[in-house]
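Student: Before I ask anything, here is the structure I am working with.
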Amino acid sequence: MSAEVLALSAAQASAAIGAGELDAGELFSFYRERAEADREAGQEGLNCFTWVAREAPGKAGTRVRETVPHWPDTVRMHESAGSSLAGVPLAVKDLFCTEDAPSQSGSRMLEGYTPPYTASAVARLREAGAPLLAKTNQDEFAMGSSTENSAFGPTLNPWDRTRVPGGSSGGSAAAVAAGLAPWALGTDTGGSIRQPASLCGVVGLKPTYGSVSRYGMIAFASSLDQAGPLTRDVTDAALMLAHMIGRDACDATSLAHPQQIALPSAERLDGVRIGVPAELEPEGSSIEDGVRRCFHRALALAEELGAQVNTDISLPHAPYGLSAYYILAPAEASSNLARFDGVRYGLRAASSSKVEGATDLLDMYTRTRHDGFGREVKRRIMLGTYALSSGYYEAYYGRAQKVRTKIAEDFATAFASVDLIATPTSPGVAFALGEKTADPWSMYLSDYFTVPMSLAGIPAISIPCGLSDEHARAGANGAEANGSGLPVGLQLAGPAFSENKLLDAAHALERAIAFDSTAAHV
Amino acid sequence: MSEPATTPTQPPEGGSPKQKDSYEAVIGLEIHVQLATVTKMFCGCELSFGEPPNTRTCPVCLGLPGSLPVANAHAVHLGLVIGLALGCELAPRSVFHRKNYFYPDLPKGYQISQYDEPLCRGGALGEVRIRRVHLEEDAAKLIHVGSSGRIHGSDASIVDFNRGGTPLAEIVTEPDLRTPEQASEWLKLLRTTLRQLGVSDVNMEEGSLRCDANISLRPACSAELGTKTELKNVNSFRFIERGIRAEIARQERILHAGRQVVQETLHYDPASDRITSLRSKEEAHDYRYFPEPDLLPVAIDQHMLAAARQALSELPSERAARFQRQLALSLETAQLLSFRSELGDYFEAALAAGADPAPPAQALANWVTGELAPRLGGYGREHDDRGGGSAVADEPVDGGVGGDPVNSRVTPAALAALVGMTAAKQVSVGAARQVLDRLIAEGGDPRAIVEAEGLAAMDGGDELAAIVAAAIAANADAAQRVREGNAKAVGPIVGQVMRQTRGRADGTEVARLVNEQLGV
C-alpha cells in the first residue's frame, strides 16, 4: 500500500482522492510520518525540514480563518477558490510566512519566529486544497546555492548524502526527490528553484516575475524573488502553478496572468524553435563533460520530436549577468534585511554597553546583527551597502541596472527568431558538501545559466535530462539498483507569460527522456 | 551645548568683523502635512487619532517579514490636489525610493519616500516659490521615559506604531523668506490653503502640520547664499518665529565673531529658548536611496488629473456657500455635506434623481447626513480583532472610496424617493427608517418595500382611532394623569399605538388623536 501511495505523483494522488480511491487524511499521515522521521533523524537523515505538521488538518480546503490582510478583492478571491487539489499535502520553503508554523528563512535571526499571517501563495494553495505538510530547509535568507548556509544545518542530497542538494530551495528539492513530500514550494531569485531541482533530479519552475504574489515571502531581492513549484514531473508543476498565479492586491508588483495555466499534453515538438545561445561556456569554469553529454542528448531528442534546434542565437550580455546580479541582489537585500534590528521580533542580543546608564541602541543593533546573521548574509549586506553608497551608486547599481536592461533586450531579440531557449540548468552536477564554501565566486558560478532569466523576469523550467556518469555516487539511498551517476538538469526559458508553451515543451521532452524521478526515494 | 562647534577663520582681509545689522537672513521651509486619508500610506490600517498605542497596526506598517507596501491612491490624489493648488508641475511619472537608516521608529529600516522624481515640482504660493511636493510615510512615535525626554539619557524608549505609515506630503519651498515674521505669516497662508483644500487637518498641536526651517545669513545685498542650518520641528507659529529669531541671532554672533557657521541639524528648545545641535554634516546619514522595488512608479493618468482638478474646482467653503444660497440649507448641514465631499456628491445626485414626490432639499440633506451616513459608518471598514490588525481597506489603489454612500446598496434615487414619500406623509418617519434599513441591507425600490411590508402611513381614519381608543383603555392610569394636566403622561399611550402600528402611524397625528379622545 505505502509503495503504491509513494509512487503516485501529486496530480495522480489528487485524482485518486477525487475518485474515492485514496483518503486525503491517510495520504497526509503517510507523508507526515515520512517527513517527521527525516526531521527527527537530523543530520543522520537528509535534514530537509525545519518544521513538520503535528497532525492532519481538518477537511481539506476549509477556511480556518482569513489571514491575508488589507484588500477586499483578495478576500473574495479566497472565498471563491475551490478544493481542486483534493488534499495533497505541500512542503513549503521556510521563508514563506505561515501563521501556524515557524518561518525562519533559514536564519538564526528568526529562530522560532511564527508570523501572524500567511503568505498569499501558500494561502492560495491551501484554499485550493493543499494543506501545509512541512517547512523546508534553505540557505539563510535564500542566499546560497547549496543549502549549506542554513542556520539549521545543511540538507543532504538524496542521490548522494555526501553532496549538496543545491540551493537555496535545497530542502524543497531534496524532499521531493526523496519522496518525503509529494511536492514543494520554493523561491527563485537567481536560480534558487531551478538549480536545486537540477541537482536533485526533479522539476523546478520559476514563473514570469509578477505571476505569483510575493506577499508573505521573507524578501531577499524584491525585484527578482519569485515563488514556484518543485515537483516530481511537469504535470505536477503545471497543476501547482495553476493554483498560485494571479494578481494579489497585497503585492503591487503582481500581475494578472493573461492565460489560464493548462495541464500540459504535448507529446511532440513539431515546429517548436529551440535556441541554444552561443555564450554557453562560463568564464573561469566550464560545463562538466557529463553535463554537456546529457544536454546534447536532450537536444537530439528534441529534434527527434520535431523541434528545430538553432545554435546560432546570441545573448551577448548574458555573460555579465552574474556580475550585475551580484550588485543588484545584495543592494536590495541590504535594505530588505535592515528590519532585522532586534527591536520588534526575532533575535535581540543583550547589550553590555551603556550610554548614560541606559542600553546603547547602536550596540544592541550591532550585536543583534552580528549574532543573528551568517557569513554569506553579512557578505551580501556589505556588498549591497557599498554598492548603494553615496558616490558609488551610479558606478555600481546604476550600471548593473543598465546591464539588466541589455540582457532583457537580448532575450527579446532572441525570441524574435526562436520560441524557447535551452541551456544546461547548472554547469555541474551536485558538488560535495564543503567543496565551494570557501570560495564564494565558484559557488556563485553554479547560477551562471539561471541568473540571466531572473534578471529579464522571464519564465524558465528545469527538468531532469539524465544522469552524468562522470562522478561516482557515494552513499546513495537504495538507488544503486538504478545505476550510477548524478542528475543533470535541462533549462528551458520562454518569453514573459509563456508558461503554457514552456510546460508543453517540457512535458514532451520529459516523456522522451523518461527519467526515473523516484530513483532517489528513501 | 548652546553653540555648536565652529571653525575659527581669519577676519576678512584688511577689515574688522562686519558691522552689526549688515546681514540678511535667507529662510526656506520644509513642511510635512499629514494627509486626510482614511487609511495609511501603504496599508489598510485606519489613521489613528488618539487610539490606545499599537492598535492601528498590521504586518505592513509594523514592517513584519514578508509584508509589502501598496500605495494609497487617495493619498496620491490629495498630493495632486496640493500640487495643482500650488501651481506645481505634476510629474506624469514619479518614483518611490527607499531612504535607508536605522532607528526604532522606522520598522523596516527604511522610509518609503520620493527622491529625485517627486510627484510635483515648481509652483508658488504668494511670493514664495515651491521647489517640490512629494509623498512619503510618517515614522512611528517614540516616547522616551525618563528625565531627558530625548533618546539619549532616557531610561527607556517605547514605540507607538499607530502613527507609523500615516501619509505625508512634504512641501519644500525655495529660500524666499527673509524674516521670522514673514515665515510665520506665510505658513499661516499655507495652512489656510491646505485646510480649504480639505487635504489635511493641518493642526500643528496634533502634529498634522510640521515645519522645519533652513536658515542662512548673508551680507545684505549679496546674492550668494551663506552656510545653512536646519532647524527641526518648530511646531507652532509662535515657536517658528522665536526659533528662527534665535537661530538668526546665533548665526549673527558667530559671524560677528569672525567665525564660520557650520552646516548642521539643530533643535530648538522653546522652554529655554536655546538651540542645540542634533548632528553635523560629518555625522549626516548616507541614506543610500534607491528605487523602491516593491512599488511601481506612480503614473498619473487623465482620470487622476481630472479628479484632482474636480476637487479644486470648488473648494469646500465655496460649495457650502452654494448649498446655503441656492438650496437654503442650514449652515451646519451645508458644511457637513461640503467637508465630507462624498456626502455632498451623493446628496446632489439624489437631488437630481427626479423623485416624485420631490424631496425638499433640507429634508434630503438631513436624511443623507443624519440617517444614511451614520448607518454606513462601518461600511467597508471591517475591523478584525486578531491583533494582526488586517483591516479591509477602504482605499484600494484603484481609487475606490469607502464609507461613501455611493458604494452602498442605497441608490441616490431610492433615497430621494423615500424622503419624498416621507415629506408627503405617505410613510411615517419611523416606517421610513425601517425602509432605509432594508435598503442598506438589500437594496431595492423603497415604494415596493413599503407596499410589500404594509408600511404605508395610516391616515387619521377609523382604524387608527380604534387603536388609539384601545391604547387609552389599556393605560387608564396614564390617561387619567393626562386628563389631570400632565401632558407628558401621554407617552405610554402613544408608544403602544406606535408599537401596534409598527411605526406606520404618524406620531403627530397619533398625539392629536389621543388628546382629542381624552378631551384635552
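The values are calculated or read from the model by the stated rules, or taken from the named source; none is laboratory data. Source: prediction; values computed, not measured. Here the Cβ is made from the backbone with ideal geometry for all residues, glycine too, and neighbour counts use every protein chain on show.
Student: Which one is modelled with the lowest pLDDT among residues in region B:1-58 that are aromatic (F, W, Y) and more than 30 Å from B:P180 (Cα to Cα)?
Tutor: Top of the filtered list is B:F49.
Student: Related question: Of everything in region B:40-89, what is at positive phi and under 18 Å from the mean Cα position of the chain (by Cα)? Give them in sequence order.
Tutor: Once the filter is applied, which keeps residues that are at positive phi and under 18 Å from the mean Cα position of the chain (by Cα), region B:40-89 yields only B:G50.
Student: Is there a residue in region A:203-214 that is under 9 Å from the mean Cα position of the chain (by Cα), not in a loop (DSSP other than H, G, I, E, B) and not charged (D, E, K, R)?
Tutor: Taking every residue of region A:203-214 in turn, at least one turns out to be under 9 Å from the mean Cα position of the chain (by Cα), not in a loop (DSSP other than H, G, I, E, B) and not charged (D, E, K, R).
Student: Among the residues of region A:177-198, are any under 17 Å from A:L467 (Cβ atoms), in the same structural domain as A:T235 (by TED's automatic domain parsing) and out of contact with any helix residue (DSSP H, G or I) (no Cβ under 7 Å at 6 or more places or on another chain)?
Tutor: Looking for residues that are under 17 Å from A:L467 (Cβ atoms), in the same structural domain as A:T235 (by TED's automatic domain parsing) and out of contact with any helix residue (DSSP H, G or I) (no Cβ under 7 Å at 6 or more places or on another chain), one finds at least one in region A:177-198, hence yes.
Student: Moving to a separate point now. Return yes when B:R288 is away from chain A (no Cβ under 14 Å) and of a type in the set (K, R) and no when it is not.
Tutor: Spelling it out, it is not the case that B:R288 is away from chain A (no Cβ under 14 Å) and of a type in the set (K, R).
Student: Quick one: how many residues across region A:91-106 are more than 10 Å from every other protein chain (Cβ to nearest Cβ) and in contact with an Asp or Glu (Cβ under 6 Å, 6 or more places away or on another chain)?
Tutor: Going through region A:91-106 one residue at a time, the tally reaches 1.
Student: Sticking with this structure for a sec: Would you mention how many residues in region A:153-181 are of a type in the set (A, V, I, L, M), in contact with a strand residue (DSSP E or B) (Cβ under 7 Å, 6 or more places away or on another chain) and outside any loop (DSSP other than H, G, I, E, B)?
Tutor: Qualifying residue count, region A:153-181: 4.
Student: Oh, and also: Which condition number does A:R369 fail, the rest of (1) more than 8 Å from chain B (Cβ to nearest Cβ); (2) more than 20 Å from B:D105 (Cβ to Cβ); (3) modelled with pLDDT of 90 or more being met?
Tutor: (2)
Results for (1) crowded, with 18+ Cβ neighbours inside 10 Å; (2) among the aromatic types (F, W, Y); (3) within 13 Å of chain A (Cβ to nearest Cβ), shown as yes or no for each residue.
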| site | (1), (2), (3) |
| --- | --- |
| B:A25 | yes, no, no |
| B:G44 | yes, no, yes |
| B:T55 | no, no, no |
| B:S67 | yes, no, yes |
| B:K99 | yes, no, yes |
| B:Q111 | yes, no, yes |
| B:E127 | no, no, no |
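Student: Moving on. Could you please find all residues in region A:33-50 being within 16 Å of A:G179 (Cα to Cα) and of a type in the set (V, I, T)?
Tutor: Selection gives nothing.
Student: Could you say which residue among B:P104, B:P118 is part of a loop (DSSP other than H, G, I, E, B), at the interface with chain A (Cβ under 10 Å from one of its Cβ atoms) and of a type outside the set (A, V, I, L, M)?
Tutor: B:P104
Student: For region B:322-344, enumerate the residues that are modelled with pLDDT of 90 or more, not in a helix (DSSP H, G or I) and not aliphatic (A, V, I, L, M).
Tutor: B:S330
Student: Next up: In region A:217-335, which strands (runs of 3 or more DSSP E) lie fully inside it and hold 3 or more residues that are surrounded by 24 or more Cβ atoms within 10 Å (Cβ to Cβ)?
Tutor: Passing ranges, in order: A:226-231.
Student: Is it true that B:Y268 is assigned by TED's automatic domain parsing to the domain that holds B:Q182, surrounded by 14 or more Cβ atoms within 10 Å (Cβ to Cβ) and under 28 Å from B:T166 (Cα atoms)?
Tutor: In short, no.
Student: Can you name the number of the only condition in (1) within 11 Å of chain B (Cβ to nearest Cβ); (2) without any contact (Cβ under 8 Å) to a residue 24 or more places away in the chain that A:G112 fails?
Tutor: Going through (1) within 11 Å of chain B (Cβ to nearest Cβ); (2) without any contact (Cβ under 8 Å) to a residue 24 or more places away in the chain one by one, A:G112 breaks only (1).
Student: Right, another one. On the phi > 0 side of the Ramachandran plot and of a type in the set (A, V, I, L, M, F, W, C) - does that describe any residue in region A:148-167?
Tutor: Within region A:148-167 (the criterion being on the phi > 0 side of the Ramachandran plot and of a type in the set (A, V, I, L, M, F, W, C)), the answer is no, since none of the residues qualifies.
Here's the yes/no breakdown for (1) of a type in the set (V, I, T); (2) closer than 19 Å to B:L513 by Cβ; (3) not assigned by TED's automatic domain parsing to the domain that holds B:Y346:
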| site | (1), (2), (3) |
| --- | --- |
| B:G420 | no, no, no |
| B:A424 | no, no, no |
| B:G430 | no, yes, no |
| B:G444 | no, no, no |
| B:I449 | yes, no, no |
| B:A466 | no, yes, yes |
| B:A474 | no, yes, yes |
| B:Q480 | no, yes, yes |
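Student: Answer with yes or no whether A:D341 is out of contact with any strand residue (DSSP E or B) (no Cβ under 7 Å at 6 or more places or on another chain) and not assigned by TED's automatic domain parsing to the domain that holds A:M382.
Tutor: no
Student: Something else about it: Yes or no: region B:244-260 includes at least one residue that is outside the structural domain of B:F102 (by TED's automatic domain parsing), in a strand (DSSP E or B) and in contact with a Leu (Cβ under 7 Å, 6 or more places away or on another chain).
Tutor: Looking for residues that are outside the structural domain of B:F102 (by TED's automatic domain parsing), in a strand (DSSP E or B) and in contact with a Leu (Cβ under 7 Å, 6 or more places away or on another chain), one finds none in region B:244-260, hence no.
Student: A further question on this structure: Mind listing whichever residues of region A:1-48 are free of Cβ contacts under 8 Å to residues at least 40 places away in the same chain, outside any helix (DSSP H, G or I) and not small (G, A, S)?
Tutor: Matches in region A:1-48: A:M1, A:E21, A:L22, A:D23.
Student: Does B:V95 satisfy the criteria of being more than 14 Å from every other protein chain (Cβ to nearest Cβ) and either farther than 26 Å from A:A119 by Cα or modelled with pLDDT under 95 (or both)?
Tutor: no
Student: Output yes when any residue across region B:176-190 is polar (S, T, N, Q), within 14 Å of chain A (Cβ to nearest Cβ), surrounded by 18 or more Cβ atoms within 10 Å (Cβ to Cβ) and farther than 29 Å from B:E292 by Cα, and no when none is.
Tutor: No: region B:176-190 contains no residue that is polar (S, T, N, Q), within 14 Å of chain A (Cβ to nearest Cβ), surrounded by 18 or more Cβ atoms within 10 Å (Cβ to Cβ) and farther than 29 Å from B:E292 by Cα.
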